[in-house]
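These notes are about the structure you will find just below.
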Ligand SMILES: Cc1ncc(COP(=O)(O)O)c(C=O)c1O
């Protein structure tokens, strides 16, 4: 079931999604939303206004800004299709997950290659309390599947915890299918790379933890978590602090934890962070989650099409993703690709052998244009083995000779030149302006062709 609604239209006839798209004021080329979402203009304005109110010292102004926490909670609850008392603000995603893991007993199944928030908190809780066992599971490529989770289920498993969208591969987990497969066990999800940009039924999960500093464009400190009643029955609020206790500052001893998700809270939240989160969630709600999710998916598919056009492998599943597209260039092409991206002002995350491109609904067309230009440049510099005839070369080369040509020349070579193989497994330096290629005779007397690839290297 989707969280969105039918297309939203403003009075001016401009869809609310279009208004949201127009609000993106980052320079073209920003394709790094999975790392950090530059703050939206509305978020910046709200925060400035609330900061001014907090500067007045007037109790009414301070109370007004203090109410942002409740507003943010209500909005998050609406988007999660939960009740407000199931939602609690957090400094970050990891804090929300920490409350969940430290209160758990039994065995929790976690993906081995997921972002560390889930896994590390699970191990820390296991070590500190001795009541939890962590079972890490892995799959080829690190993409979690419902089958892999089912294979790890034993009677002692009390919970499964994973990211809804994987930070590395961009894979979107099917939490509805996982919910069905795990029965009454708890499903704990890290929504950091998904919330606001995927149209799923979040009520499939018992605990949802997220933060607004990436896809919501709300800045850091805007975390939130939802704990369903099923979760609250099974997760003890062991890290509950002064904002999670019943009573007030005059209470003596260790008061019991508050009812609802409020129990999973350590200290009062920052009202300016709540103000940013509330503003960002309002923008998402107005534009519609379904519409945003659709736009993000289309942009991501645009990235995949560019990758296909320029022969770069895509790690992200084509049929299950949100805004993250992970490219896996050939190792010998990666430096040229990284340089081309930088030259064209394209901001992405390069990690190990992968390049993570993450697209939002805004700034899309220009950014994809720049990305395409960068991929085209990198493709032109790609180290290839070519075969061509002695006549075409006009050289005095004989069969099997290797000659050096400028890479610039390769762009001007006649169309008849055949690219034999662009996957030579070269392990040397990146192309530096010239490459060596072997000359083959058009009709070798013995009928065999020279092994161009084997003779080819770069200077
Ligand atoms: C999947 C995932 N979870 C959690 C985090 C960290 O979130 P936070 O800083 O809100 O704890 C990140 C950060 O990149 C992430 O990608």
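The values are calculated or read from the model by the stated rules, or taken from the named source; none is laboratory data. Everything numeric here is computed off the predicted structure, so don't read it as measured data. Glycine gets a Cβ as well: all are built from the backbone with ideal geometry, and neighbour counts include every protein chain shown.
Would you mention how many residues in region 363-374 are in contact with a strand residue (DSSP E or B) (Cβ under 9 Å, 6 or more places away or on another chain) and buried (at least 24 other Cβ atoms within 10 Å of the Cβ)? Matching residues across region 363-374 total 2.
Of note, residue 97 does not satisfy the criterion of being in contact with a helix residue (DSSP H, G or I) (Cβ under 6 Å, 6 or more places away or on another chain) and away from the ligand (no atom under 16 Å from the Cβ). If the condition is being at pLDDT 70 or above, outside any loop (DSSP other than H, G, I, E, B) and touching a helix residue (DSSP H, G or I) at 6+ places or on another chain (Cβ under 8 Å), then region 1-31 contributes 15, 16, 17, 19, 20, 21, 30.
Return yes or no: is residue 266 within 16 Å of the ligand (Cβ to nearest atom), out of contact with any strand residue (DSSP E or B) (no Cβ under 8 Å at 6 or more places or on another chain) and farther than 30 Å from residue 24 by Cβ? It is true that residue 266 is within 16 Å of the ligand (Cβ to nearest atom), out of contact with any strand residue (DSSP E or B) (no Cβ under 8 Å at 6 or more places or on another chain) and farther than 30 Å from residue 24 by Cβ. Checking 109, 134, 118 one by one, the residue that is closer than 22 Å to residue 263 by Cβ and either within 13 Å of the ligand (Cβ to nearest atom) or touching a helix residue (DSSP H, G or I) at 6+ places or on another chain (Cβ under 8 Å) (or both) is 118 and no other. Within region 58-71, is even one residue in contact with a helix residue (DSSP H, G or I) (Cβ under 6 Å, 6 or more places away or on another chain), part of a helix (DSSP H, G or I), touching a residue at least 40 places away in the same chain (Cβ under 8 Å) and within 16 Å of the ligand (Cβ to nearest atom)? No, that holds for no residue. No other residue among 161, 181, 204, 171 is within 30 Å of residue 287 (Cβ to Cβ), touching a residue at least 24 places away in the same chain (Cβ under 8 Å) and more than 16 Å from the ligand (Cβ to nearest atom) apart from 204. Of 34, 76, all but one fail to be surrounded by 15 or more Cβ atoms within 10 Å (Cβ to Cβ), within 16 Å of the ligand (Cβ to nearest atom) and part of a helix (DSSP H, G or I); the exception is 76.
The residue pairs whose first member lies in region 246-269 and is surrounded by fewer than 16 Cβ atoms within 10 Å (Cβ to Cβ), whose second member is modelled with pLDDT under 95 and assigned to a loop (DSSP other than H, G, I, E, B), and whose beta carbons are closer than 7 Å, counting only pairs six or more residues apart or on different chains, are 255/247.
Among the conditions (1) within 18 Å of residue 282 (Cβ to Cβ); (2) assigned to a helix (DSSP H, G or I), residue 55 misses just one, which is (1). Scanning region 210-230 for residues that are farther than 17 Å from residue 284 by Cβ and within 13 Å of the ligand (Cβ to nearest atom) yields 220, 221, 225. Within the bounds of region 298-311, is there any residue that is in a loop (DSSP other than H, G, I, E, B) and either crowded, with 21+ Cβ neighbours inside 10 Å or not assigned by TED's automatic domain parsing to the domain that holds residue 177 (or both)? Yes, because at least one residue in region 298-311 is in a loop (DSSP other than H, G, I, E, B) and either crowded, with 21+ Cβ neighbours inside 10 Å or not assigned by TED's automatic domain parsing to the domain that holds residue 177 (or both). Out of 285, 305, one residue alone is within 18 Å of residue 375 (Cβ to Cβ) and either without any contact (Cβ under 8 Å) to a residue 24 or more places away in the chain or in contact with a helix residue (DSSP H, G or I) (Cβ under 8 Å, 6 or more places away or on another chain) (or both). It is 305.
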